[in-house]
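Enquirer: This structure is in structure tokens; I'll ask about it shortly.
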Amino acid sequence: MNRKLLAALGLVAGLAGCAGPGTPGANLPLYRCEHGIEFTVRFVDDTALLDAGARGYDVLYRDAGGVTPQQSVYSNPRTRAEFGLGASGREAILRYPLLPLVARCVRD
């Protein structure tokens, strides 16, 4: 009886996982950068939520900047990200002023 109950609970838990919204970050834009940096980004209101996997998360706030309407700039004290660069608008630049490090990125 216990085996049947455990099997049923395992099946329900597995189905609940399948019914969820999917893998986190599955539909988010993926950027690949110099220096082996990769991240996904979610834009919410005036923030950009960067998920760099093992490197951690960053919450950046909309900042002044950008030369064209397609360009946007987000920053916090540790990181500055410029999106919408390049002829296609698929490029970005990450700036880490405390390191100092600049990484050019492209969206997949």
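Enquirer: For a quick check: sort Phe43, Phe83 by the number of other beta carbons within 10 angstrom, fewest at the front.
Expert: Fewest-to-most Cβ neighbours within 10 Å comes out as Phe43, Phe83.
Enquirer: Taking other Cβ within 10 Å of each residue's Cβ, how do Thr40, Thr68 sort, fewest first?
Expert: So the residues, fewest neighbours to most, are Thr68, Thr40.
Enquirer: Right, here's the next one. Compute the signed sum of charges (Lys and Arg +1, Asp and Glu -1) over the other residues within less than 13 Å, Cβ to Cβ, of Arg95.
Expert: -1
Enquirer: Excluding Tyr74 itself, calculate the net charge of residues whose Cβ lies under 10 Å from the Cβ of Tyr74, where each Lys or Arg counts +1 and each Asp or Glu counts -1.
Expert: It works out to a net charge of -2.
Enquirer: If we count every other residue with Cβ under 10 angstrom of Ala52's Cβ, Lys/Arg +1 and Asp/Glu -1, where does the sum land?
Expert: -2
Enquirer: Within segment 56-81, whose backbone N sits under 12 Å from a point 7 Å along Cα→Cβ of Leu28?
Expert: 56-60
Enquirer: Also, I was wondering about something else. What list do you get for Asp63, Asp46, Asp58 if you sort them by fewest beta carbons within 10 Å?
Expert: Asp46, Asp63, Asp58
The numbers here are math on the coordinates, done by the rules we state, and not lab data. Please read all numbers here as calculations on a predicted model, not as lab measurements. Cβ sites come from the backbone with ideal geometry, for glycine too, and all protein chains shown count toward neighbours.
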